[in-house]
Amino acid sequence: MASRKKSKPAKVKAVAAADPAMIGHVKDMSLARAGKDRIEWAERNMPVLRAIRARFAKEKPFKKLRIAACLHVTTETANLMRTLKAGGAEVYLCGSNPLSTQDDVAAAMIKYYDVPTFAIKGEDHKTYYSHIVSCIEAKPQITMDDGCDLVTVLHTKMTKYLRDVFAGTEETSTGVTRLRAMAKDKKLKFPVIAINDADTKHLFDNRYGTGQSSMDGVLRATNMLVAGSTVVIAGYGWCGRGLAARAKGMGATVMVTEVDPLRALEAAMDGYIACSMEEAAPKGDLFITVTGNKSVIRREHFLAMKDGAIVCNSGHFNVELDIPSLDRLAVSKRVARPFVDEYKLKGGKRVYVLGEGRLINLAAAEGHPAMVMDMSFADQALSVEYLVKKASKLAKDVYVVPQDIDKEVARLKLKSMNVTIDTLTAEQVKYLATWSEGT
Ligand SMILES: NC(=O)c1ccc[n+]([C@@H]2O[C@H](COP(=O)([O-])OP(=O)(O)OC[C@H]3O[C@@H](n4cnc5c(N)ncnc54)[C@H](O)[C@@H]3O)[C@@H](O)[C@H]2O)c1
């Protein structure tokens with residue numbers, strides 16, 4: 001593995017001219033203290049990551065390793081960055097969505113944790129990409145992505161930096177889909193581990209994390225009463241299942257739209273109304289998309305909605321709602337309250353879009369709780385350790401998280417929750433290995 005002298009990446013803006021050691025681009029360095037307090041609060045609920053950090057601090061598996069991370073800049077991500085640094089890595093961080101950055105955390109990363117950070121909540125498209133560029137200019141050897149934007153820029157506009165990179169990880173479903181498409185086209189230039197595919201990730205993070213925090217985002221933005229309302233969930237994958245369960249638990253009638261017959265069947269047997277968006281559009285009070293697809297709610301659906309319908313998205317990109325067509329339908333638009341845009345259509349009907357159609361749980365709330373990110377980020381940390389040892393033997397493809405890592409994360413999490421489980425007896429091991437023993 002190539003190593004690099006500790007030097008500042010080129011073209012990086014210093015945030016504090018008085019202290020040239022602090023590099024990055026954030027909103028306001030005076031928020032750093034508040035960010036540190038919140039990072040420490042999250043750390044309390046991340047026992048698995050804490051245990052890994054303590055081991056990394058002793059073993060230093062990442063000495064001089066340069067990692068560029070394009071992740072939601074939240075308190076939980078801060079604790080992952082601290083874990084990688086404890087292992088000896090040089091870490092560079094930028095946001096993976098223009099609206100998901102917690103500005104206090106971004107400032108704290110620079111001031112207290114020596115992590116050059118480039119992320120501002122509400123940054124425009126150009127600034128968002130300039131921040132990714134700054135991280136790539138640090139010449140990473142490992143990439144850590146959430147949605148595949150960093151890897152895409154690296155493979156399209158900054159290919160000369162590819163020579164330093166020997167492996168990467170990807171956090172979310174949409175990023176994994178993009179990477180698999182790259183690998184299929186033989187365009188992917190290094191092996192990537194799909195963190196999302198670990199059981200200790202999607203079974204918990206997507207289901208319980210996105211489920212709870214998306215409802216949290218809706219409530220913070222609108223303060224609506226969910227009980228007695230009709231909530232329409234588009235997509236019954238891991239996130240959709242979690243959202244539907246939370247909405248039902250809060251007293252809503254839940255309708256689920258799907259394109260996959262198996263998932264639609266599962267939704268119907270889980271007790272929801274499975275139907276098409278055309279059928280759901282005139283009935284819903286609140287619509288949440290979590291499909292990873294585009295234009296799931298579009299012109300004809302907006303036209304069919306009731307006055308006052310609330311629409312938002314928790315899938316990775318802001319393309320699930322066809323907002324350009326809503327813009328064309330609207331006779332006026334105004335901000336009704338923070339994170340709530342009111343679109344008035346011809347005839348006076350109003351449709352409310354939350355968080356500009358971006359991930360509602362990160363735009364209007366704080367993202368997933370630390371307790372669940374503990375496992376996803378433990379998968380990240382242990383997968384980087386695995387890649388440092390094994391990447392040279394891997395092809396330029398997308399890999400699942402090794403089972404040993406998945407099981408180890410589950411074991412550590414159970415231990416932190418004081419949950420004990422049974423162990424197979426010798427007799428049971430033998431029984432499970434035989435085929436001749438029946439009734
Ligand atoms: N908000 C967050 O913090 C967060 C966290 C994890 C994942 N995500 C994102 O959420 C999205 C969904 O993730 P997942 O893990 O549930 O994926 P998944 O693949 O398990 O599920 C997606 C589901 O959407 C369905 N679908 C696709 N097109 C559709 C359409 N037009 N109408 C209705 N259903 C459709 C698919 O059939 C599938 O069942 C992805 O973009 C992912 O990156 C967001």
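The values are calculated or read from the model by the stated rules, or taken from the named source; none is laboratory data. Since the structure is predicted, the reported quantities are computational estimates derived from the model, not experimental observations. Heads up, the Cβs are rebuilt from the backbone with ideal geometry, glycines too, and the neighbour counts pull from every protein chain shown. Remember, those area values only see protein heavy atoms, side chains included, never the ligands or the DNA or RNA. Shrake-Rupley method; radii C 1.70, N 1.55, O 1.52, S 1.80 Å.
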Could you derive backbone 3J(HN,Hα) for region 49-57 from the dihedral phi with the Karplus parameters 6.51, -1.76 and 1.60 (θ = phi - 60°), listing whole Hz in sequence and x where the residue is Gly or Pro? 5, 4, 5, 5, 4, 4, 5, 4, 4
So what J values fall out for region 172-186 if you push phi through Karplus, 6.51 cos²θ - 1.76 cosθ + 1.60 with θ = phi - 60°, rounded to Hz, Gly and Pro as x? 10, 3, 4, x, 5, 4, 5, 5, 5, 5, 5, 5, 4, 7, 6
Which value, in Å² rounded to 10, gives the accessible area of T434 with a 1.4 Å probe and all protein chains present? 50
Whole-Hz ³J(HN,Hα) from phi, Karplus 6.51 cos²θ - 1.76 cosθ + 1.60, for region 104-121, glycine and proline x: 5, 5, 4, 5, 5, 4, 6, 6, 9, 10, 6, 10, x, 10, 10, 6, 9, 4
Would you mind getting me the FRET efficiency between S295 and R328? Use the beta-carbon distance for r and R0 = 22 Å, nearest 0.05. 0.95
D322, D146, D327, ranked by accessible area, largest first (probe 1.4 Å): D327, D322, D146
Based on the Cα coordinates of region 49-130, what is the per residue volume of their convex hull in Å³? 74
In range of the label at R44: residues from region 388-423 whose backbone nitrogen is under 19 Å from the point 7 Å along Cα→Cβ: 416-418
The whole-number value in µm²/s of the Stokes-Einstein translational diffusion coefficient for region 48-93, with Rh from the Kirkwood sum over alpha carbon pairs at 25 °C and 0.890 mPa s, is 234
Length gained when the stretch K306-K160 is fully extended (0.36 nm per residue, less Cα-Cα span): 47.3 nm
Average accessible surface area per residue within region 23-154, 1.4 Å rolling probe, Å²: 31
Based solely on its DSSP helices, what 222 nm [θ] is calculated for the chain when runs of n ≥ 4 H residues each add -39,500 (n - 2.57) and the sum is averaged over all residues, nearest 500 deg cm²/dmol? -12000 deg cm²/dmol
Cα centroid separation, region 73-140 to region 170-239 (Å): 21
Calculate how many DSSP beta bridges within region 266-355 are antiparallel, expressed in % of all such bridges and rounded to the nearest 5. 60
Residues of region 357-439: accessible area per residue at 1.4 Å, in Å²? 62
Mind checking the alpha-carbon convex hull of the chain and giving the volume per residue in Å³? 177
Surface accessible to a 1.4 Å probe, per residue, for the residues of region 158-207, Å²: 42
What is the percent carbon and sulfur in the accessible area of the chain, measuring with a 1.4 Å probe over the protein chains and ignoring ligands? 54
Extending each Cα 7 Å along its Cβ direction at S30 and D199, get the distance between those two points in nm, one decimal. 5.1
Expressed in nm to one decimal, what extension gain is obtained for the pair A181 and K390 from 0.36 nm per residue of sequence separation less their Cα-Cα distance? 72.9 nm
Dividing the alpha-carbon radius of gyration of region 104-175 by 2.2 N^0.38 Å (N being the number of residues), what value is obtained? 1.14
Estimated distance in nm for a label pair at D270 and K407, the labels positioned 7 Å out from Cα along Cα-to-Cβ: 2.8
Which of the lysines could a cross-linker span from K349 if the Cα-Cα distance has to be under 21 Å and same-chain partners fewer than 8 positions apart are dropped? K283, K306, K333
Starting from the Cα gyration tensor of region 383-439, take the square roots of the eigenvalues, sort them a ≥ b ≥ c, and report rounded, prolate or oblate (rounded when a/c is under 1.5, otherwise prolate if a/b is larger than b/c, else oblate). oblate
Which residues' amide hydrogens lie under 5 Å from the amide hydrogen of V232, considering only partners 5 or more residues apart or on another chain, with H built in the peptide plane? M255, D285, L286, F287, I288
Heavy-atom accessible area of F62, protein chains in place, probe 1.4 angstrom, given in Å² to nearest 10, is 0
At 0.36 nm per residue, and after removing the present C-alpha to C-alpha distance, how many nm does the segment from S130 to Y112 gain when stretched out fully? 4.1 nm
Measure of exposure for V153: accessible area at 1.4 Å probe, Å² rounded to 10, is 10
